[in-house]
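The values are calculated or read from the model by the stated rules, or taken from the named source; none is laboratory data. Treat the numbers as computed from the prediction; the structure is a model and nothing was measured. Cβ placement follows ideal geometry from the backbone for every residue including glycine, while neighbour counts extend to all protein chains displayed. These accessible areas exclude ligands, DNA and RNA; they are computed on the full protein's heavy atoms, side chains included. Shrake-Rupley method; radii C 1.70, N 1.55, O 1.52, S 1.80 Å.
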Amino acid sequence: MHVAIIMDGNGRWAQQRGLPRTAGHMEGARAVHKTVEAAARSGIQTLTLYAFSADNWGRPRSEVTSLMKLFRRYLASETQRCIEQSIRISVIGRRDRLDADLCRAIEESERATATGCGMHLRIAVDYSARHSILLAARMSGATAVGLDDFKSLLNLVNHSSMDSEYVDLLIRTGGEQRLSDFLLWESAYAELYFCDRLWPDFGEADFQQALSEFGCRQRRFGKVTPLPATLEVQA
Ligand code: IPE
Ligand code: IPE
Ligand code: MG
């Protein structure tokens, strides 16, 4: 099962407390830690977290710098824990606009966790689904590629070191109901779950709530679900 999360609401969490937005991002990093643990415990195979979108470069310089620092700190503090828990880390998105130091830290975390056979943790940084699709389309050239080949190309351009399946459950916190250029292709049949909780307040109970609602959804993938036996008799 592949769960993807748009971790939104850090800024509002801070503003509600009269704190700078960066304080919300710091608290958000703690929620990331808790959610990764919860997902691993729940047996999720792939967890993709939206940490920084390509459009987030448009935020004030100081906020961008602090987000990048937090991300670096996260890799430094969590890589060892991921190794211990057999969690494999991939960072998806563009690398050409990140600091060389940060790129090295990313590569190091990916290398150190590469043999992890538990959950695959994908962190989206400088990510834009439209940009990824464009790159994959360019790479496919004139040749007629099938859906699976295209998915592999997407993983390649995203630096996602192994093939990951389509998203099953897409969670967005913070009350907004939009995708903000996240995993547009991979979420073709994702179940969408929007919750009002601001990301820093999101905890294990919220994650379990999302999973349990997912368990009640009926996925049809365009097909017709057979009617329950009793109704069939009536029809
Ligand atoms: C999500 O929280 C974190 C990032 C986008 C990096 P926001 O910073 O977007 O928080 P709000 O939406 O302004 O509350
Ligand atoms: C999406 O949140 C990006 C991340 C959570 C990293 P935004 O806060 O940037 O999205 P919009 O601007 O509300 O669409
Ligand atoms: Mg936001």
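Specify the residue with the greatest mean-square fluctuation among G28, G141, G222, computed from a Gaussian network of the chain linking alpha-carbon atoms under 10 Å apart. Looking only at G28, G141, G222, the largest GNM fluctuation is found for G222. Antiparallel beta bridges, as assigned by DSSP with both residues in the chain, represent about 0 percent of the total such bridges. For segment 59-110 and segment 148-195, what is the centre-to-centre distance using only Cα atoms, to the nearest Å? About 20 Å separates the Cα centre of segment 59-110 from the one of segment 148-195.
Judged by the gyration tensor of its Cα atoms, with axes a ≥ b ≥ c, segment 14-76 is prolate; a/c meets the 1.5 cut and a/b is the larger of a/b and b/c.
In percent, rounded to a whole number, the relative contact order of segment 1-102 is 29, using alpha-carbon pairs under 8 Å and six or more apart. First check a/c for segment 132-198, with a ≥ b ≥ c the square roots of the eigenvalues of its C-alpha gyration tensor; if it is under 1.5, answer rounded, and if not, answer prolate when a/b is larger than b/c or oblate otherwise. Here segment 132-198 falls in the prolate category.
Relative contact order, whole percent, for the chain stands at 27, derived from Cα pairs under 8 Å and 6 or more residues apart.
Here the Karplus relation 6.51 cos²θ - 1.76 cosθ + 1.60, evaluated at θ = phi - 60°, turns the backbone of segment 56-62 into coupling constants of 5, 4, x, 7, x, 3, 5 Hz, with x for every Gly and Pro. Using a probe of 1.4 angstrom, how much of the accessible area of segment 32-153 is carbon and sulfur, in percent? Exposed carbon and sulfur together represent 52 percent of the surface.
Peptides 48-55, 14-21 ranked from most to least packed, by the mean per-residue count of other Cβ atoms within 10 Å: 48-55, 14-21. Oblate is the label for segment 14-138. Its Cα gyration tensor axes, ordered a ≥ b ≥ c, give a/c of at least 1.5 and b/c at or above a/b. For R122, the residues 5 or more places off, or on other chains, whose built amide H falls under 5 Å of its own are L47, T48, L49, S90. Each peptide in 126-134, 188-196, 208-216 receives the mean, over its residues, of other Cβ atoms within 10 Å, and ordering these scores from highest gives 126-134, 188-196, 208-216.
Per residue, segment 1-119 exposes an accessible area of 48 Å² to a 1.4 Å probe, with every protein chain left in place. Summary of packing: across the peptides 171-183, 100-112, the per-residue average of other C-beta atoms within 10 Å ranks them, highest first, as 171-183, 100-112. From its DSSP helices (H runs of at least four residues, each -39,500 (n - 2.57)), the chain gives a residue-normalised ellipticity at 222 nm of -14500 deg cm²/dmol.
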